[in-house]
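K.L.:
Structure in structure tokens, see below.
The values are calculated or read from the model by the stated rules, or taken from the named source; none is laboratory data. Note that the structure is a prediction, hence the values are computed from the model and not measured. Here Cβ is always computed from backbone atoms with ideal geometry, including for glycine, and neighbour counts include all displayed protein chains. We work out accessible area using only protein heavy atoms, side chains counted, and drop any ligands, DNA or RNA first. Shrake-Rupley method; radii C 1.70, N 1.55, O 1.52, S 1.80 Å.
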Amino acid sequence: ADSFHNDLHKDLKADFILANPPFNMSDWGGERLREDARWKYGIPPVNNANYTWIQHFIYHIAPNGITGFVLANGSMSTSTLSEFAIRKNIIEADLVDCMIALPGQLFYTTQIPVCLWFLVRNKKNGKFRDRRGHTLFIDARKMGTLVDRTHQELSDEEINRVAATYHAWRGEKGASTYKDMAGFCKSATVKEIESHGYVLTPGRYVGAEAIEEEGEQFEEKMGRLTATLKEQCSQ
């Protein structure tokens with residue numbers, strides 16, 4: 001049935017929700033659904049269902065549940081009035097557990113860059129470490145290998161690296177110790193997210209990858225490279 005206009009599981013509260021909803025769906029019939037119990041964090045726009053899906057999933061997760069879903073990258077930073085307000089409210093309610101930016105060209109059906117959202121109701125879950133007031137950002141855009149002209153794939157090792165980082169940050173049993181890694185992952189506070197205008201794009205937080213110092217002064221390196229270029233050009 002129609003998930004929005006005929007929610008067949010109104011009382012469902014799930015421990016796990018995994019979803020790949022349609023991106024940027026403009027014809028979801030939003031003009032017919034301006035009031036609903038699911039719109040706790042704001043009324044979603046009539047011309048884009050992204051933030052309708054987000055609130056639909058939040059509504060159906062259990063008190064200690066988690067939802068993970070795929071959305072277009074634009075969902076992390078959209079500044080339209082209603083979407084920004086919903087995102088701000090979700091962040092201030094401390095529901096955003098982890099945001100992952102993925103490389104492009106992962107889908108056969110669309111070239112739109114995508115990201116992963118992980119939302120929880122309770123970051124003080126007794127099974128894991130207390131994560132209240134913090135969100136994990138992972139930038140995986142440099143991962144993946146082209147398998148044909150228009151399609152990339154993530155290797156098992158790359159997938160495991162991302163997953164292991166999230167498990168470590170959550171403090172799950174058997175996971176390694178988490179630490180921030182420039183250019184890849186960062187545990188940011190709600191205050192930091194606020195300072196970035198409530199944008200959830202991981203690149204805003206992880207920074208640049210550290211470049212190993214070569215121990216050679218710029219002037220010396222430039223002189224050496226210039227001399228090498230002149231020698232090669234004269235051959």
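K.L.:
Go through region 147-173 residue by residue and tally those that are on the phi > 0 side of the Ramachandran plot and assigned to a helix (DSSP H, G or I).
P.N.:
Qualifying residue count, region 147-173: 0.
K.L.:
Find all pairs meeting these conditions: Cβ atoms under 6 angstrom apart; at least six residues apart or on different chains; first residue within region 107-118 and acidic (Asp, Glu); second residue open to solvent by 30 Å² or more (accessible area, probe 1.4 Å).
P.N.:
Partner pairs satisfying both residue conditions: none exist.
K.L.:
Out of Arg121, Arg132, I need the residue that is in contact with a strand residue (DSSP E or B) (Cβ under 7 Å, 6 or more places away or on another chain) and open to solvent by 50 Å² or more (accessible area, probe 1.4 Å). Which one?
P.N.:
Selected residue: Arg121, the only one of Arg121, Arg132 that is in contact with a strand residue (DSSP E or B) (Cβ under 7 Å, 6 or more places away or on another chain) and open to solvent by 50 Å² or more (accessible area, probe 1.4 Å).
K.L.:
Then there is this: Evaluate region 207-223: report whether one residue or more is under 16 Å from the mean Cα position of the chain (by Cα), surrounded by 13 or more Cβ atoms within 10 Å (Cβ to Cβ) and modelled with pLDDT of 95 or more.
P.N.:
Looking for residues that are under 16 Å from the mean Cα position of the chain (by Cα), surrounded by 13 or more Cβ atoms within 10 Å (Cβ to Cβ) and modelled with pLDDT of 95 or more, one finds none in region 207-223, hence no.
K.L.:
So the check is Cβ under 7 Å with 6+ separation or different chains; which pairs have a first residue in region 27-55 that's closer than 14 Å to Ser3 by Cβ and a second one that's open to solvent by 20 Å² or more (accessible area, probe 1.4 Å) and of a type in the set (A, V, I, L, M)?
P.N.:
As it stands, the answer is Gly30/Val46; Ala49/Met25, since those pairs meet every condition given.
K.L.:
Follow-up question, since we're still on this one. Can you confirm whether region 93-112 contains a residue that is part of a helix (DSSP H, G or I) and within 19 Å of Ser187 (Cα to Cα)?
P.N.:
No, every residue in region 93-112 fails to be part of a helix (DSSP H, G or I) and within 19 Å of Ser187 (Cα to Cα).
K.L.:
I've got another one for you. Which of the residues belonging to region 135-179 are touching a helix residue (DSSP H, G or I) at 6+ places or on another chain (Cβ under 9 Å), closer than 21 Å to Met76 by Cα and open to solvent by 40 Å² or more (accessible area, probe 1.4 Å)?
P.N.:
Once the filter is applied, which keeps residues that are touching a helix residue (DSSP H, G or I) at 6+ places or on another chain (Cβ under 9 Å), closer than 21 Å to Met76 by Cα and open to solvent by 40 Å² or more (accessible area, probe 1.4 Å), region 135-179 yields only Arg141.
K.L.:
Same structure again: Keeping to region 6-45, report how many residues are open to solvent by 60 Å² or more (accessible area, probe 1.4 Å) and assigned to a loop (DSSP other than H, G, I, E, B).
P.N.:
Residues flagged as open to solvent by 60 Å² or more (accessible area, probe 1.4 Å) and assigned to a loop (DSSP other than H, G, I, E, B) within region 6-45 amount to 17.
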